[in-house]
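What follows is a set of notes on a single structure, which appears directly below.
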Amino acid sequence: MNQGKIEKKVSGTEFSIFMRQLHILALVQHSTASEYMNYRSMADLLDLVPWDENIDSKKIGRCVEKLKEMGFPVHTGKGEQRVMLDRELGADEMLEILPYYLNVVTDTVGIRDCFKSYVENHGSRSLWIMARIYFASLEKKRIKLSYRSVNNNVPDTYILNPYRWIYRDNAVYLIAKNISRGDNVSLFRLNRIRDVDITDDRFEDDIPSAYELLKHSMGSFINNRYYNVKLMFRFEDKERIEEDFGHLELMFADSHSDGYGEVTFTVCDLINVCKAVFSYCGRVEIIDPPEAVSEMKRMIEGNNIY
């Protein structure tokens, strides 16, 4: 089926209506008087979307009414043409919406690449494996996972308490408690899963949120040991520090040296911290802990970042 046929097929689905609603919500989220978003102006914009067809004011109006029914604070007054929000969306609301909207407005080639080898290996079972593990976590049923680790071409078998799926570092991972390997919480990359069996054994774990599990992780790594890291950096690098380490709950302070600042955070994977610091080419220095300082020296002396 070619792309044109796919777009025609999608345009008449409820999913395309959902995407249309996301566009409308985004356009009115910070609508200014100069833009003056109304049914007509939004219809003109959405008519440019390749997968949507024959957009008019009536279709926009139905989407707006549906958004209001769903509880979004969309305002349309009698006799008023402009569509706006009764209030600004909060940070938590925006964080819930943005991942969905990102899939609407971005090219999905990166996400598709992350699934390519998985689909090649599992074909029509690809969705089934993810669904069965997801519902096993809801039922709190243990699973038996056939999994090929990075250092072993022959799959191993793991008994797991499945917690949740996450998308991290351009890959999809299962977070699970590894019952067969010391009860540690670990990450299992989707592409390396070979098969799954759902057992009748139940587990009683209180499943923590993904944020709680990964809030001290630089990437796709979980460890039970945590380190309090302190970095010294040039002030001009502060924005980049926030980009590279921002999800780790940073605490900034002025340094004793002019032109420098200090930042502290808690992390579980020192090697990834050192890799990130290495990329600053000496403009950022690790002050604490001693383990991180030693690891950084090893990297610099051996130039063995990878």
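Could you please let me know if SER117 is modelled with pLDDT under 90 and open to solvent by 60 Å² or more (accessible area, probe 1.4 Å)? So SER117 does not fit the description; no. Among the residues of region 252-277, the ones that are within 30 Å of the chain's Cα centre (by Cα) and open to solvent by less than 60 Å² (accessible area, probe 1.4 Å) come to 16 in all.
For region 149-158, the condition of being surrounded by 14 or more Cβ atoms within 10 Å (Cβ to Cβ) and aliphatic (A, V, I, L, M) holds for none of the residues.
Restricting region 66-117 to residues that are of a type in the set (S, T, N, Q) and part of a helix (DSSP H, G or I), the residue that is nearest to ALA26 (Cα to Cα) is ASN103.
Across region 81-102, the qualifying residues are those that are among the hydrophobic types (A, V, I, L, M, F, W, C) and surrounded by 13 or more Cβ atoms within 10 Å (Cβ to Cβ), and the one among them that is nearest to TYR39 (Cα to Cα) is VAL83. With respect to the conditions (1) under 25 Å from ALA171 (Cα atoms); (2) assigned to a helix (DSSP H, G or I); (3) open to solvent by less than 50 Å² (accessible area, probe 1.4 Å), VAL293 lacks only one, and its number is (1). For the criterion of being among the basic types (Lys, Arg), touching a residue at least 24 places away in the same chain (Cβ under 8 Å) and open to solvent by 50 Å² or more (accessible area, probe 1.4 Å), LYS78 fails.
The condition of being over 30 Å from ILE207 (Cα atoms), assigned to a helix (DSSP H, G or I) and over 19 Å from the mean Cα position of the chain (by Cα) holds for only one of ALA26, ALA136, that being ALA26.
For region 221-240, indicate whether the set of residues that are among the polar types (S, T, N, Q), open to solvent by 40 Å² or more (accessible area, probe 1.4 Å) and either farther than 18 Å from VAL277 by Cα or not in a strand (DSSP E or B) (or both) is non-empty.
Yes, that holds for at least one residue.
Inspect region 198-220 for any residue being basic (Lys, Arg) and assigned to a strand (DSSP E or B) and give the result as yes or no. So far as region 198-220 goes, yes, one or more of its residues are basic (Lys, Arg) and assigned to a strand (DSSP E or B).
The values are calculated or read from the model by the stated rules, or taken from the named source; none is laboratory data. Everything quoted here is computed from the prediction, not taken from an experiment. Don't worry about glycine lacking a Cβ; one is built from the backbone with ideal geometry, like all the others, and counts go over all protein chains shown. Note: accessible area is taken over every heavy atom of the protein model, side chains too, but ligands, DNA and RNA are not part of it. Shrake-Rupley method; radii C 1.70, N 1.55, O 1.52, S 1.80 Å.
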